[in-house]
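The values are calculated or read from the model by the stated rules, or taken from the named source; none is laboratory data. It should be emphasised that the depicted structure is a prediction, and the values quoted were computed from it without experimental measurement. Reconstructed Cβ throughout: ideal geometry from the backbone, glycine too, with neighbour counts over all protein chains shown. For accessibility, only protein heavy atoms count, side chains too; no ligands or nucleic acids. Shrake-Rupley method; radii C 1.70, N 1.55, O 1.52, S 1.80 Å.
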Amino acid sequence: MGMATSYSRSPLYSFLAPALLASIFALSSCAAPEPVSRTEFSLGTTCRITLYEKAEKKLFDAAFARIREIEERMSANREGTEIARLNDAAGIEAVSLSADTFLVLSTAIDIAEKSKGALDPSVGPLVKLWGIGTDAARVPEAAEREAAMELIDYRRILLDPERSSAFLLDPGMRVDLGAMAKGYAADETARILKEGGAKRGLIDLGGNIYVFGKKPEGKPWRIGIQDPQDSRGAYLGIVNMEGGSLVTSGGYERFYEEGGKRYHHILDPASGMPAESGLLSVTVVSQSSMLADCLSTTIFVLGPERGMDLAKAFPEEGFALVDADQRVHLVGKLARDFELRSEGPYNLGQ
Ligand code: ADP
Ligand code: MG
């Protein structure tokens, strides 16, 4: 971050808002054992795991080791990762990928097809050009944006499932899995904790939430969603969850400010600019955090109408789209499980 004009969502808030709400409700039960949390910085964000039973050091160690392994495979910003090797070999040759990276990349390509490229894992040249969230952040010239946009095309990523390899057909192409790597890491963290015997826990990877296990009194988890127009900790509403993941994408999370204007980190491959689709934030709940992470970013780019259409194609998930008129549109499971905070400026849309 470093630069005075570069911001990211306060790491404190990113885990406090949902985790705090979740633990307030968890603690209100007198029978509940004390939760134990551990926090580490990984995947470019604050990662926090809270366990309520079986809070053993070796379980935390195994979970955080897995998160680091995923970062070491999928980061586009570090040298030597699989994605860095794939990008370096663009236009030259295919690169073999771990099952982890292959799965995340192929899911991204699937959603790219379903969204006609609103989400595109080959958005890397544009992400690098803007540099939002890094010391190199700046507003690029139109000609530079166009040159980067020329290189974005998920159809020019060739996957070979037999060999578990990928080939970027054109020199200069770059894959970026930032829209969904944290989600995949949350799924894997949950799997490891459950396999290790944890009965109940909350995982927060920079706002990608995953909860599992029943509360002692059998009540659902209550997770707060941030108000996209109020970074000071007000919340938009609460989601009741039995288990699974909740992910929010918004323009307020990470941005660069210049000339009084904010440029956020979710880019529209069709314009080369930060997406301005008429949505302030998108929340998705799913049993798969990877899918929730991927879809929240995609719908944020698509905007309210096209976003609602995509949401309806996923009947197992739930969606809350907040539009610029402060209306909250609920689709699927969130039509039932979302409680709007009544004091706020928001209303439920139809
Ligand atoms: P966060 O990382 O804040 O949780 P998101 O999950 O919405 O946010 O992902 C944003 C990241 O996804 C960006 O930092 C960038 O790496 C990548 N990205 C930005 N725009 C796109 C896009 N249109 N398609 C795919 N990936 C994108
Ligand atoms: Mg995402």
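Restricting attention to the range 251-275, and to residues there that are surrounded by 18 or more Cβ atoms within 10 Å (Cβ to Cβ) and farther than 23 Å from residue 148 by Cα, which single residue is nearest to the chain's Cα centre (by Cα)? My answer is 253.
Here is the figure for the range 116-139: residues that are in contact with a helix residue (DSSP H, G or I) (Cβ under 6 Å, 6 or more places away or on another chain) and within 9 Å of ligand 1 (Cβ to nearest atom) total 6.
Would you say residue 305 is under 30 Å from residue 151 (Cα atoms), part of a strand (DSSP E or B) and either away from ligand 1 (no atom under 16 Å from the Cβ) or in contact with a helix residue (DSSP H, G or I) (Cβ under 6 Å, 6 or more places away or on another chain) (or both)? Here the answer is no, as residue 305 does not meet what is asked.
Okay, residues lined up against (1) out of contact with any Phe, Trp or Tyr (no Cβ under 8 Å at 6 or more places or on another chain); (2) of a type outside the set (D, E, K, R); (3) open to solvent by less than 10 Å² (accessible area, probe 1.4 Å):
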site: 287; (1), (2), (3): yes, yes, no
site: 290; (1), (2), (3): no, yes, no
site: 295; (1), (2), (3): no, yes, yes
site: 306; (1), (2), (3): yes, no, no
site: 310; (1), (2), (3): yes, yes, no
site: 314; (1), (2), (3): yes, yes, no
site: 318; (1), (2), (3): no, yes, yes
site: 321; (1), (2), (3): yes, yes, yes
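In the range 212-231, is there at least one residue being without any contact (Cβ under 8 Å) to a residue 12 or more places away in the chain, more than 16 Å from ligand 1 (Cβ to nearest atom) and more than 21 Å from residue 323 (Cβ to Cβ)? Yes, the conditions are met somewhere in the range 212-231. Checked against the criteria, residue 144 does not count as open to solvent by 10 Å² or more (accessible area, probe 1.4 Å), touching a residue at least 12 places away in the same chain (Cβ under 8 Å) and within 14 Å of ligand 1 (Cβ to nearest atom).
Residue by residue through the range 57-77, note down the ones that are outside any helix (DSSP H, G or I) and open to solvent by less than 70 Å² (accessible area, probe 1.4 Å).
Narrowing the range 57-77 to residues outside any helix (DSSP H, G or I): 75-77.
Selection gives 75, 76.
Identification of strands (runs of 3 or more DSSP E) wholly contained in the range 179-297 with 1 or more residues that are within 14 Å of ligand 2 (Cβ to nearest atom) and at pLDDT 95 or above yields 201-205, 208-212, 244-250, 279-286.
On inspection, residue 119 does not qualify as surrounded by 20 or more Cβ atoms within 10 Å (Cβ to Cβ) and more than 22 Å from residue 291 (Cβ to Cβ). Do we find a residue being within 12 Å of ligand 1 (Cβ to nearest atom) and basic (Lys, Arg) anywhere in the range 164-180? For the range 164-180, residues within 12 Å of ligand 1 (Cβ to nearest atom) and basic (Lys, Arg): present.
Could you check, for the range 154-166, whether at least one of its residues is open to solvent by 10 Å² or more (accessible area, probe 1.4 Å), under 16 Å from residue 268 (Cβ atoms) and free of Cβ contacts under 8 Å to residues at least 40 places away in the same chain? Within the range 154-166, none of the residues are open to solvent by 10 Å² or more (accessible area, probe 1.4 Å), under 16 Å from residue 268 (Cβ atoms) and free of Cβ contacts under 8 Å to residues at least 40 places away in the same chain.
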